[in-house]
Amino acid sequence: MHQLILLILLLSVSTQANSQRYALLSASTATVIPQTISDQAVNHQKFLTTTAKRAWLAAMSTRLKKTIPEQNERDDFLSTVYYEATRAGLDPQLVLSIIQIESGFKKYAISSAGALGYMQVMPFWVNTIGTDEHNLFHLRVNLRYGCTILRHYLDIENGDYFRALGRYNGSLGQAKYPNKVFNAWHERWSYPL
């Protein structure tokens, strides 16, 4: 009952952060978050089950070496990005591009609007689609939220990445943010899957 009242209040009063607004998630998307999310990275040794995944990890690891110098940390990070992105039906390189633009790969990044972590997730998402124990500074939690939210926006926009990225950033209709992400995607993270 408490959650229903909260949801009604949220729908009647728009929540904003840099014009980002909470949008009611579809039932299938909303069920992804309330589950317990491990705050542990995906084990990169278990991740390396196919030649294609090993090749992807090696290619992305080389590109991320200056940003995350420690090999095991880098491999855990990349394995988790790959897992959470593909789990949400997203291109892992797109997610890396968003992380580059949103936080510069800083785990504890906080925006001026209060967005948190790698994918700069607004805290209102925890209150509306998650549970209080979810810490947006945990790698896997942050990526699960960010990927789920982006997937939701892609669904709303019928696969239009430009508009979905605008919604994700709270700048729908403006080209600056989507173009930054597209440039990072094509210039640094492009990789054939």
Cα gyration tensor, the stretch 151-193 - rounded (a/c under 1.5), prolate or oblate = oblate
key: Kirkwood hydrodynamic radius of the stretch 36-189, from inverse mean 1/r over distinct Cα pairs, in Å   = 15.6 Å
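Kindly provide the GluC sites (Glu not before Pro) of the stretch 132-193 that DSSP labels as loop, not H, G, I, E or B, and whose Cβ sees at most 12 other Cβ atoms within 10 Å.
133
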task = Read phi for every residue in the stretch 141-154 and hand back ³J(HN,Hα) as whole Hz from Karplus 6.51 cos²θ - 1.76 cosθ + 1.60, θ = phi - 60°, with x for Gly and Pro.
result = 5, 4, 5, 4, 4, x, 5, 5, 5, 5, 4, 4, 5, 5
note = Residue-ordered couplings for the stretch 121-129, obtained by feeding phi - 60° into the Karplus form 6.51 cos²θ - 1.76 cosθ + 1.60 and rounding to whole Hz (Gly and Pro as x), are 8, 6, x, 4, 5, 4, 6, 9, 10
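Every number in this text was worked out from the coordinates using simple rules, so none of it is lab data. Quantities reported herein were computed from a predicted structural model and do not represent experimental measurements. As a convention, Cβ positions derive from the backbone with ideal geometry for all residues, glycine included, and neighbour counts pool all protein chains shown.
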